[in-house]
Each structure stands twice: as C-alpha cells, then as structure tokens.
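Right, one structure below, let's go through it.
The values are calculated or read from the model by the stated rules, or taken from the named source; none is laboratory data. Being a predicted model, the structure only gives us computed values, none of them experimental. Cβ sites come from the backbone with ideal geometry, for glycine too, and all protein chains shown count toward neighbours.
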Amino acid sequence: CSKRGTKNTLDYKMYYLADMRLPINYLVDLCDDYLGYIKPLVSMVKKCIVLDLDNTLWGGILSEVGLSGIKLGPTPEGRSYWEFQKYLLSLHQRGIIFSINSRNNLAEVLEVLRTHPYMILKEKHFSAIEANWQNKVTNMKSIAKYLNIGLDSFVFLDDDPYNRDLIRKNLKEVTVIDLPDDKSLYLDTLATMNDFNTLQITKEDKNRGEMYIWEKRRQKLEKSADNIYEFVKSLQVAIEIEPANEFNIPRISQLSQKTNQFNMTTRRYLEEDIIKFNSSKDYLILSAKVVDKFGDYGLTGVVIIQKKHLAWVIYTFLLSCRVLGRKVEESILSHLIKEAKKQKIPKIIGQFIKTDKNAPAENFYKDNNFKFINKSGDLETWEFDCTLEYDSPQYVKIRSVYK
C-alpha cells in the first residue's frame, strides 16, 4: 500500500521540472485540508446540523414501516445508518448541536428516539425537534429562532433532492449537503467536511448540548414570569469574574472568534493575541462565568480593557447570546465601573463597531448612560463619567477574583 501510495502521489516530471513532488490534481485537496485550519481562525465554522430522519438517520419511511421496520443496527441494510449515527455522536461530543427537521408524526419520532435499541442519537442529543407536516423552510426558520443562532450557522442533511433544493433556494445562508444516493457513503461525505473543525475543544463545547436542554427550561420559566425583573430574580443568576489565565485563555480566544450578536467591536483574537495582551501592563482581560438555578452556562463573557492614565478603554466587550436578557451585560458593566472608581479612573470609554450581526449590542452604551463622543470611520466612541452613579441590576450576584 505504501509503495502504491507513493507512486500515486509523486509526479516525477513535475519534480524534475519544478521541484514540486505533489501532482497538480492533488493541490485542490491539499488546499481544502488547509481550509480546515483556516475556517476556525476566521469564524467560518458551523454550529448546528439539522437532520432529516427517514432514509437519513435510518432506512425506510417511519410512518409506513413503524418502529420495528426501520433499518438501523448491525445488519447489512442498517449498518451504514448505525455507523453514520456514531460519527454524528462524535461531532456532538465536540460541541456541534443537532436539530431535527422531518415530515413525520412527532409521537412516532419520539418513540424511536426513546426506545429503538440501536438508536445512537437519543432525544437528549437534539436541541430542537420539528417533526410535523409543515414545509421544511418554515421548520428551519422555527429552529433558528428557537436556538437563537443565525441561519449561516446551519448545515442541512436530507436524502431528498427536492427538500435540499427547497432549502437552498429559500434559505441561501444555510449550507446544504448533497448526500449521495449510496447510503454507505453518508459517513464519508460528512467526515470529509471541514466546517466543524475547531482548534481546541473546551469544557463549554463538551457541555453545549446539555446547555440547550437547560435553556428550554429557562424559556418555560420566562413565559410564566410577569416581567424581566421577576424572571431574573427567579433564575438566581450569579456571575464569577476572573482575569485571563492559562486555563481560560483558549475559551476567551474561541469566544472572540465565534461571538457575533453581543460583540461591541467584533475583533477576533488568536490565543497568542490574548497571551500578548495579558502579559502587558497596559491591558486588563476579564472573563465572566455565568450560572443560574438550572445549570452552568460556562465562560460566556469577555472584556478587554486598554488602561490609560485618565481612562479605561473597553477595547472588546462580548457575551454569548445564551446569556443575553438576563441582566448579565449590565452587571459586568457595573463591576467595571466600580473597579474604575476604586482605582480613581475618571472615565470609561466604550467603543462600538457596527456589523451585520451585532444589532443586539448597538444601543448598549446609549441605554447605560454613556455619552456619545464621535464617530471615526466605522468606530463609535462613547464615554461614561465615573463621578456618576450607576444602578447595578438587582437579583444578580457577582463574585470577583480580580484584584
């Protein structure tokens, strides 16, 4: 095998003429492999796989053959689906979330997820389930709204060319994969994709699926609350703020790469950038971990402050969309203002750069008593006078290990 492999990947003519050992036709594959490293660096990775069921996760039409009739498991007809689900599970364990978009009866689908002996993916692995008889475009929009992530974060897998074309034409942001007619090639098709690559798997990645289960419970509580204050009070939100260190720097870098909605400047950083900032006396990097009575959100907030003689400049301020609407952003700002006052810093400068995705952050400084100073190009500058009082959000506890 080694001999044949060497022969197939060595072009003697190009080696002698151009000192290039690799045949030209392999360069495309090589570039595609390199993209697997580049995509996570420039935030081009996907967050969610939306799956059809019939002839995608199992063989056969559930509504026609029933639970015992679908093809799934260690049999010639079911093994490819079984192995495909095993690979999908490995992606889920790396932080990719799953949703179902299927034309089926919900009760029958749940029965398979809960009771089929060879079903690798269980109900708990799916953050959203749309199993009904609506068109798949409507279902996809519902999933995006429920998960609160952009359509450009989705990958859609469906064996039916009609449904793939429907999504592709109506939701151009969604990445649609053309599954091959040969079901045994499903796994290889997905495994060759580099849209799910990550440079490092964090604790938050591993727990992401479970976090969305907790989020369902929070949303149920929010619907029953009379107002935002009652909701936050009942959540029992607590925030732990600590400086950057060797343990949280990978997650800080990852958040800067992936966070779009509440990101004041959308500056992206590699781990090396964070380490450089952290070693400078001119910068302060703080991370925020958030928990409530339902569970641990993990490290979901980052602030990078440029320390000047007469002002602290908020160079980066970002929060995962999962903690928005819990008064977390205002609580972190309150902490910064208190710390600035302790160090007798007269003012805090906030920076904002508008993007296509950070509308939720657009009015944050204005709504929190910052004064607009100027706009230079895309950069807006806002200022908070530290002699003024700032009302800290009620019902949110802050524990700080920053000194």
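If I ask for residues that are modelled with pLDDT under 95 and in contact with a Phe, Trp or Tyr (Cβ under 8 Å, 6 or more places away or on another chain), which ones from the stretch 75-97 would you list? If the condition is that a residue be modelled with pLDDT under 95 and in contact with a Phe, Trp or Tyr (Cβ under 8 Å, 6 or more places away or on another chain), then 91, 92, 94, 96, 97 are the ones that fit. Residues in the stretch 192-216 that are surrounded by fewer than 13 Cβ atoms within 10 Å (Cβ to Cβ) and modelled with pLDDT of 80 or more: 1 in all. Condition check: under 27 Å from residue 281 (Cα atoms), assigned by TED's automatic domain parsing to the domain that holds residue 257, surrounded by fewer than 16 Cβ atoms within 10 Å (Cβ to Cβ) and in contact (Cβ under 8 Å) with a residue 40 or more places away in the chain. Does residue 316 satisfy that? It is false that residue 316 is under 27 Å from residue 281 (Cα atoms), assigned by TED's automatic domain parsing to the domain that holds residue 257, surrounded by fewer than 16 Cβ atoms within 10 Å (Cβ to Cβ) and in contact (Cβ under 8 Å) with a residue 40 or more places away in the chain.
The number of residues in the stretch 146-180 being surrounded by fewer than 18 Cβ atoms within 10 Å (Cβ to Cβ), aromatic (Phe, Trp, Tyr) and in contact with a strand residue (DSSP E or B) (Cβ under 6 Å, 6 or more places away or on another chain) comes to 1. When we screen 341, 375, 366 for residues that are more than 27 Å from residue 268 (Cβ to Cβ) and either among the small types (Gly, Ala, Ser) or not in a loop (DSSP other than H, G, I, E, B) (or both), the only hit is 341.
Given the residues 239, 249, 167, which is the only one that is modelled with pLDDT of 85 or more, within 15 Å of residue 300 (Cβ to Cβ) and of a type outside the set (Gly, Ala, Ser)? Walk me through it before giving the result.
Numbers: 249 fails: within 15 Å of residue 300 (Cβ to Cβ); 167 fails: within 15 Å of residue 300 (Cβ to Cβ).
Answer to the check: 239.
Set side by side, the residues 197, 207 differ, and just one is assigned by TED's automatic domain parsing to the domain that holds residue 334 and closer than 28 Å to residue 252 by Cβ, which is 207.
When you check residue 68 against the structure, is it surrounded by fewer than 17 Cβ atoms within 10 Å (Cβ to Cβ), out of contact with any Asp or Glu (no Cβ under 9 Å at 6 or more places or on another chain) and at positive phi, yes or no?
On the way: surrounded by fewer than 17 Cβ atoms within 10 Å (Cβ to Cβ): yes; out of contact with any Asp or Glu (no Cβ under 9 Å at 6 or more places or on another chain): yes; at positive phi: no.
No.
Just need a number here: residues in the stretch 344-361 that are touching a residue at least 60 places away in the same chain (Cβ under 8 Å), surrounded by fewer than 18 Cβ atoms within 10 Å (Cβ to Cβ) and in a loop (DSSP other than H, G, I, E, B). If you could, list the steps in order and put the result at the bottom.
Let us first name the residues in the stretch 344-361 that are touching a residue at least 60 places away in the same chain (Cβ under 8 Å), namely 350-353, 355, 357-361.
Keeping just the survivors that are surrounded by fewer than 18 Cβ atoms within 10 Å (Cβ to Cβ) gives 353, 355, 357, 359-360.
From what is left, the residues that are in a loop (DSSP other than H, G, I, E, B) are 355, 357.
The number of residues fulfilling the criteria is 2.
Does the stretch 249-282 hold any residues that are among the polar types (S, T, N, Q), surrounded by fewer than 20 Cβ atoms within 10 Å (Cβ to Cβ) and free of Cβ contacts under 8 Å to residues at least 60 places away in the same chain, and which are they? Listed by number, the residues that qualify are 278, 279, 280.
Considering only the stretch 301-330, how many residues are among the polar types (S, T, N, Q) and at pLDDT below 95? Lay out the reasoning, then the answer.
As a first pass, look at the stretch 301-330 and keep what is among the polar types (S, T, N, Q): 306, 316, 320.
Pick out the ones that are also at pLDDT below 95 and you get 320.
Count: 1.
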